[in-house]
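Here is the structure we will look at.
The values are calculated or read from the model by the stated rules, or taken from the named source; none is laboratory data. In this text the structure is predicted, and so the values were computed from the model without any measurement. Cβ: placed from backbone, ideal geometry, glycine included. Neighbour counts: every protein chain shown. Side chains are part of the model used for accessible areas, which takes the heavy atoms of the whole protein and leaves out ligands, DNA and RNA. Shrake-Rupley method; radii C 1.70, N 1.55, O 1.52, S 1.80 Å.
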Amino acid sequence: MLCVCRSTLFIHAWRSTPILALAIIAVSVLASSPARAADGLADVYQRIEAIRISRALCNEAKLSVVSEVTYQQWAERNQVAQVEAVVRRRAEDNPKAGYLLETAKLKMRRSLESKMPRLCKAMAEAIASDEFNPVRNNPDFYRTLKTSPHHADAAKAAPSSSRNQGDKPAVKVSLISAEMDKYLKQGSGPDWDEVEKVVLISSTNGFSLIFKPQILFSNGDLYRDFDLALEDLDVTASRRVRPRAWGTWKEQGDTYIFSIPGDDPREVPQVYPVWPADKNAKLDGTWKAGSTMIMPSAEMGMMDVIASAQTITFTRDGRFELNRSSGGSVASAGAGVSTYANAGAAGKYRLSEYALTLQFDDGRTERVSFYHFDSKGGKSSTVAGIAGVTFIKQDDD
């Protein structure tokens, strides 16, 4: 009887979290694009995160009643690494939804934290229950998960109770996202003589001004991005993967008209020019691209902050160091929860007009777009676009 009561206590604590609905929305957004493993993702991921967050809280409070072996067996049984790979892919493809998801997880943590220490006493029963072993209740989802393109890679990276816990695979930092990799094909892109111009248009995400590159092709086609080097952009694959990134454009007087299938034509009153790099040009200093989302919580005075940042340090001898960090924090009355991840890589770089080539020390090579922002009719020395993202040169200390 005690077991049933404790398990019920854990389930009630989880279901009573105010973030549950937001978590469903967030993951649904992440899985909104056609995907084999989309159905059931929200339901499965909620339960996995409830166990993971609760375990972390209990470990921090030194109240855990679940051994590492038991937890790893649960994680392997429910294919946690594979599920996370699917969610991570959605987050990479849709950064806005990724922010929402991270906010949801932080709020879930805060709510579950309020159920301590009773939550820890119920963990052993909960981790063995059907409620928190989604593999038992979502067979259709797990069947499709096996056919997910990330299943094999995630399975290799999945933690194992028999593996040396110190043998963790190194994180590979990259400027090319998982989505971009779908339409990257070296040397298969259009010729530059097919391009009329590359411009920037401005918009806002509610927190800051964003400049987004647009490729205007001579035949009237519009690509609402400039992420990969043009030479490596597989147009056919890109149209398939990102149909709404493609449309048409035309000039009408002093304005531009951008048309996307399914949407009303959009009038763009102003565009901004960009400039290519000189061949074999060198950069120096640290350049940073980052974003922060600050969201007021339902509870008075509490704020959720989700931030991510990329920095590239260039030297004039042709070396670079790329670093990426991401995380978030919840703060209230001087108390807070922070989770941040950092990773980096280095190598040699080469600039050639609208392309930046990175040759990593681990043997990888990436080629992405590069352009200078305009500054009084010339190349800005402090603002550049790299892989379609705005990087700003940081002041020297």
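Restricting attention to the range 58-73, which residues are open to solvent by less than 50 Å² (accessible area, probe 1.4 Å) and modelled with pLDDT of 85 or more?
Cys58, Tyr71, Gln72, listed by residue number.
Looking at the structure I just gave you, is Trp249 closer than 19 Å to Ala387 by Cα and at pLDDT 90 or above?
Working: closer than 19 Å to Ala387 by Cα: no; at pLDDT 90 or above: yes.
Criteria not met by Trp249.
Does Thr204 meet the test of being open to solvent by 90 Å² or more (accessible area, probe 1.4 Å), among the hydroxyl-bearing types (Ser, Thr, Tyr) and modelled with pLDDT under 90? First the steps, then the outcome.
Numbers: open to solvent by 90 Å² or more (accessible area, probe 1.4 Å): yes; among the hydroxyl-bearing types (Ser, Thr, Tyr): yes; modelled with pLDDT under 90: yes.
Judged against the criteria, Thr204 is a match.
Being buried (at least 19 other Cβ atoms within 10 Å of the Cβ) and out of contact with any Gly (no Cβ under 6 Å at 6 or more places or on another chain) narrows it down to one of Gln214, Gln252, so name that one. Steps first, answer last, please.
Values: Gln252 fails: buried (at least 19 other Cβ atoms within 10 Å of the Cβ).
The conditions single out Gln214.
Considering only residues that are under 22 Å from the mean Cα position of the chain (by Cα) and closer than 16 Å to Ile215 by Cα, which ones fall in the range 344-383?
Hits for the range 344-383 are Val368, Ser369, Phe370.
Is one or more of the residues making up the range 156-171 open to solvent by 60 Å² or more (accessible area, probe 1.4 Å), at pLDDT below 80 and not in a loop (DSSP other than H, G, I, E, B)?
Step one: filter the range 156-171 for residues open to solvent by 60 Å² or more (accessible area, probe 1.4 Å), giving 156, 162-171.
Now narrow it down to the ones that are at pLDDT below 80: 156, 162-171.
Going one step further and asking which of them are not in a loop (DSSP other than H, G, I, E, B), we end up with 156.
Checking the range 156-171: at least one residue is open to solvent by 60 Å² or more (accessible area, probe 1.4 Å), at pLDDT below 80 and not in a loop (DSSP other than H, G, I, E, B).
Just for the range 138-155: of the residues that are buried (at least 16 other Cβ atoms within 10 Å of the Cβ) and in a helix (DSSP H, G or I), which one is modelled with the lowest pLDDT?
In this case the residue turns out to be Ala154.
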